[in-house]
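S.K.: Okay, here's the structure, questions in a sec.
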Amino acid sequence: MSAMVAQKLSISMESSLVEVVRRAAEDEGLSVSTWLSEAARSRARQRLLLETLAEDTAARGKISPDQVQELVEKTRKESQVSRRRKR
């Protein structure tokens with residue numbers, strides 16, 4: 001597996017949210033950048049899963065809870081976004 005290249009990103013957010021993020025990162029022993037990256041990764045994974053589920057449902061019709069779980073596992077395995085960093 002090749003190393004991922006980090007890119008700098010400038011963001012703006014409400015002061016109260018900045019404090020929440022800083023506290024959460026500190027509580028988890030992470031840098032703010034890492035905490036925000038993990039939050040973004042989680043959100044992107046949820047979005048990908050919802051898109052995949054919608055496509056699968058459109059193709060096959062309504063699916064069972066077991067099929068949903070299989071789809072979740074398949075999507076996580078195939079998704080670059082779902083790969084967590086090593087601690």
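FYI, it's all coordinate maths here, none of it is from the lab. Not measured: the values here are computed from a predicted model. Neighbour counts run over all protein chains shown; Cβ positions are idealised from the backbone, glycine included.
S.K.: Sort 5-14, 37-46, 57-66 by the packing proxy (mean of other Cβ within 10 Å over each peptide's residues), most packed first. All intermediate terms of the calculation are to be shown ahead of the outcome.
M.R.: Numbers: 5-14: 6.5, 37-46: 13.9, 57-66: 9.0.
Ranked from most to least packed, the peptides come out as 37-46, 57-66, 5-14.
S.K.: Tell me which label goes with the value of volume of the Cα convex hull per residue in Å³ computed from the coordinates here: (1) 154; (2) 176; (3) 145.
M.R.: For volume of the Cα convex hull per residue in Å³, the calculated option is (1).
S.K.: On to the next question. May I ask you to list, by number, the DSSP H helices of the chain whose Cα span along the axis is at least 15 Å and whose average Kyte-Doolittle hydropathy reaches -1.0 or more? Working shown, then result.
M.R.: Working: long enough: 15-27 (18 Å, -0.08); 32-60 (41 Å, -0.39); 65-78 (20 Å, -1.67).
TM-like helix candidates: 15-27, 32-60.
S.K.: Counting helices only, and only those DSSP H runs with n ≥ 4, report the 222 nm mean residue ellipticity of the chain as the sum of -39,500 (n - 2.57) divided by its residues, in deg cm²/dmol to the nearest 500.
M.R.: Values: 3 runs with 56 residues, N = 87.
After summing the helix terms and dividing by the residues of the chain, the value is -22000 deg cm²/dmol.
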